[in-house]
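Enquirer: My questions will all concern the structure given below.
The values are calculated or read from the model by the stated rules, or taken from the named source; none is laboratory data. All values derive from a computational prediction rather than experimental measurement. Every residue, glycine among them, receives a Cβ derived from its backbone with ideal geometry; neighbour counts consider all protein chains shown.
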Amino acid sequence: MTNFNYQQLNLALSYIAAAGQILHQPTPERIHDEIETSLQNSQATKGEFDIVWGPAMYRYQHSLVDDNLMMVVKSKNNDSDYRVVVRATNTCSLFDWIVEDLWVNKTVPWSKYDPLAPAQARISKGTDVGMSVLLNLYVSKGLAGAGTDLLTYLQEIIATSKKRIDLTVVGHSLGGALSASLGLYLASKLNDSISLSIQASAGPTAGNCAFAEYSHQKLGNRLLRLHNSLDIVPHAWSANSLEQLHQLYYPTASFPKELENSFKLALAAARINGYTQLLPEQILSGVINDELTNYAEQARYQHVDAYAILLGMTMKDFEISNYKLVPK
């Protein structure tokens, strides 16, 4: 039996949180069962975690699928080990794509979430929407933590636990951007009552340079931003890194000409708003998959499969129920 390390388990949880995302209008109970099944059937997480809060889900009024999901799991082997998992973009959700991922031409002061933050620290409107969604999620009746939001639940377990809580906030892609922002928010609300860590993988920038500086000031090494050097998503939305996208997979795969206009708009928004990635970072040295000559297919591979490989795993270590990477 393979023993998976801390980073590998966090990545596995980030992936498994997507279980059931293709189901139309599922109940929270059904999604809970899909995730539970995936946790138990995946080699990486079998026998490792219990869901102790949630999953809590959000569905935009016109959506047929769940647009956001968050849950808390607890280690079966360590009573003080809790992990908040923020799901990545639901690839079937237009709300996720259009609003949370791509609404970057407007920014919002981070002081909305932390009054002590400098006025110059700003996050994208998309990140703001995602944060507002997460902080207003409540667990449905019949599930663990029913009737509570995340902060209330965490405050309750801190108050009743005999041990100091080790809390890790994890997420991949959109979940990477939101988990880093959520972790910063929790640090301001819970102060030093917990041991906090954040593993944010494959995420785009959440905010501007002042936000990145404030995050580093408050979190230091408690935050780890993990990214594959060949993943296009962490290249967004910093202007300097966006400019690398044209040559990222060349000559194996060429940048699509039909995306040129969208790319120019994104680059303009990046320059105006001064988006900056968070530190500290762990750069995983990506390897081009020579079999994938289509830019989109190479990008998908580098954004998902490659992380498992670069962390010493394979996608066979995950068995994710009712999930697909790209909508058909």
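Every residue, every condition in (1) touching a residue at least 12 places away in the same chain (Cβ under 8 Å); (2) touching a helix residue (DSSP H, G or I) at 6+ places or on another chain (Cβ under 6 Å); (3) of a type in the set (S, T, N, Q); (4) within 27 Å of Trp53 (Cβ to Cβ), yes or no:
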site: Val99; (1), (2), (3), (4): yes, yes, no, yes
site: Leu102; (1), (2), (3), (4): yes, no, no, no
site: Ala119; (1), (2), (3), (4): no, no, no, no
site: Val129; (1), (2), (3), (4): yes, yes, no, yes
site: Leu137; (1), (2), (3), (4): yes, no, no, yes
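Enquirer: Follow-up. I'd like the full set of residues that are touching a Phe, Trp or Tyr at 6+ places or on another chain (Cβ under 7 Å), surrounded by fewer than 21 Cβ atoms within 10 Å (Cβ to Cβ), at pLDDT 90 or above and outside any strand (DSSP E or B), limited to the range 59-110.
Expert: Listed by number, the list holds a single entry, Lys76.
Enquirer: Within the range 305-328, can you find the residues that are among the aliphatic types (A, V, I, L, M) and at pLDDT 95 or above?
Expert: Listed by number, the residues that qualify are Ala306, Ala308, Ile309, Leu310, Leu311, Met313.
Enquirer: Restricting the search to the range 124-151, which residues are over 17 Å from Ala187 (Cα atoms), within 21 Å of the chain's Cα centre (by Cα) and either surrounded by fewer than 21 Cβ atoms within 10 Å (Cβ to Cβ) or among the aliphatic types (A, V, I, L, M) (or both)?
Expert: The answer is Lys125, Val129, Val133, Asn136, Leu137, Tyr138, Val139.
Enquirer: Still on this structure, I have one more. Could you grab me the full set of residues in the range 201-258 that are in a loop (DSSP other than H, G, I, E, B), of a type outside the set (A, V, I, L, M, F, W, C), buried (at least 19 other Cβ atoms within 10 Å of the Cβ) and in contact with a His (Cβ under 7 Å, 6 or more places away or on another chain)?
Expert: As a first pass, look at the range 201-258 and keep what is in a loop (DSSP other than H, G, I, E, B): 202-206, 229-232, 236-238, 243-244, 248-256.
Pick out the ones that are also of a type outside the set (A, V, I, L, M, F, W, C) and you get 203-205, 229, 231, 238, 243-244, 249-252, 254, 256.
With the extra rule that they be buried (at least 19 other Cβ atoms within 10 Å of the Cβ), the set shrinks to 203-205, 231, 238, 249.
Residue satisfying the conditions is Asp231 alone.
Enquirer: Residue check, Leu245 against (1) touching a helix residue (DSSP H, G or I) at 6+ places or on another chain (Cβ under 9 Å); (2) of a type outside the set (Ser, Thr, Tyr); (3) touching a residue at least 24 places away in the same chain (Cβ under 8 Å); (4) closer than 23 Å to Val304 by Cα, all met but one. Which one?
Expert: Failing condition for Leu245: (3).
Enquirer: Sort through Val108, Val84 and tell me the only one that's in contact with a Leu (Cβ under 9 Å, 6 or more places away or on another chain) and aliphatic (A, V, I, L, M).
Expert: Going through Val108, Val84 in turn, the sole match is Val84.
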